[in-house]
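Below: one structure, written as structure tokens.
The values are calculated or read from the model by the stated rules, or taken from the named source; none is laboratory data. Quantities reported herein were computed from a predicted structural model and do not represent experimental measurements. In this analysis, Cβ positions are derived from the backbone assuming ideal geometry, glycine residues included, and neighbour counts consider all displayed protein chains. These accessible areas exclude ligands, DNA and RNA; they are computed on the full protein's heavy atoms, side chains included. Shrake-Rupley method; radii C 1.70, N 1.55, O 1.52, S 1.80 Å.
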Amino acid sequence: MLKTLFTRRWILATLLVIAAVGVMARLGIWQLVRLAERQAFNARVTAQIEQPPLMLTSENLDADLAQMEYRSVIVVGVYDHAQEIELRNRAYENHLGVDLLTPLVIAGTKRVVMVNRGWIPIEQAAPENWKTFAEPGTVEVRGVVRLSQSRADFGSISDP
């Protein structure tokens, strides 16, 4: 009877089930690690969001802004419309367009921050149309510090 119980097929099925249990346990641990990472990220973002807005001036430009991602900032300066660029392949409410990125020369300095001034429909995205969106003179911009995007999102094709 014991000989018929421990057949080659039974042993193979048992080993397969044991391997599957090990894989499932490891996947569960992986999910718990991801949860801890996500909770730490959310805590860091919440701490930045809850801080008062930072007035970005010549005195604090040397601060490590990378450590201030998601913090609210206020910047006063003048847009350099001659250096505007577009961020292609953006969609808004299922319509294709571009985001208009404009350097803002910070008042009292020669340093700039890039400001995403918003989405433009593809029909108006030609550079000769950008002057209709220009904001001349000194402006005050309120925004959120974000790190530069160095690679495309998962599944996206990088724009050369």
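Structure notes:
- Here the chain is treated with +1 on each Lys and Arg Cβ and -1 on each Asp and Glu Cβ, and its dipole about the Cα centre works out to around 1380 debye.
- Range in the chain, longest, excluding exposed chymotrypsin sites (Phe, Trp or Tyr not before Pro) [loop by DSSP; at most 13 other beta-carbon atoms within 10 Å]: 7-153
- Short-range pairs are left out: with C-alpha atoms under 8 Å and at least six residues apart, the relative contact order of the chain is 20 percent.
- Approximating the spin labels as points 7 Å out from Cα along Cα→Cβ, the Val23-to-Trp119 distance works out to 4.0 nm.
- Axis angle, to the nearest 10 degrees, between helix 8-50 and the longest C-alpha principal axis of the chain: 20 degrees.
- Total formal charge among the other residues, if their Cβ is under 15 angstrom from that of Pro127, Lys/Arg +1 and Asp/Glu -1: -3
- Expressed as a whole percent, the accessible area of the chain that falls on carbon and sulfur atoms is 60 (1.4 Å probe).
- Local charge for Pro103 was computed over the other residues whose Cβ lies under 9 Å away, with Lys and Arg +1 and Asp and Glu -1, and equals -2.
- Euclidean distance of C-alpha centroids, the stretch 51-86 and the stretch 19-50, integer Å: 32
- Separation in nanometres of the label points that stand 7 Å from Cα toward Cβ, at Ala43 and Glu128: 5.6
- Net lengthening on full extension, Arg146/Asp62 (0.36 nm per residue, minus Cα-Cα): 28.6 nm
- From the coordinates of this entry, P(r) over Cα pairs in 10 Å bins from 0, in percent is computed, and it appears in [x] 8, 23, 25, 17, 8, 7, 6, 4, 2, 0; [y] 9, 38, 40, 12, 0; [z] 9, 36, 31, 17, 6, 1 under the label [x].
- The stretch 1-95 - charge dipole about Cα centre, Lys and Arg +1 at Cβ, Asp and Glu -1, debye rounded to 20: 1460
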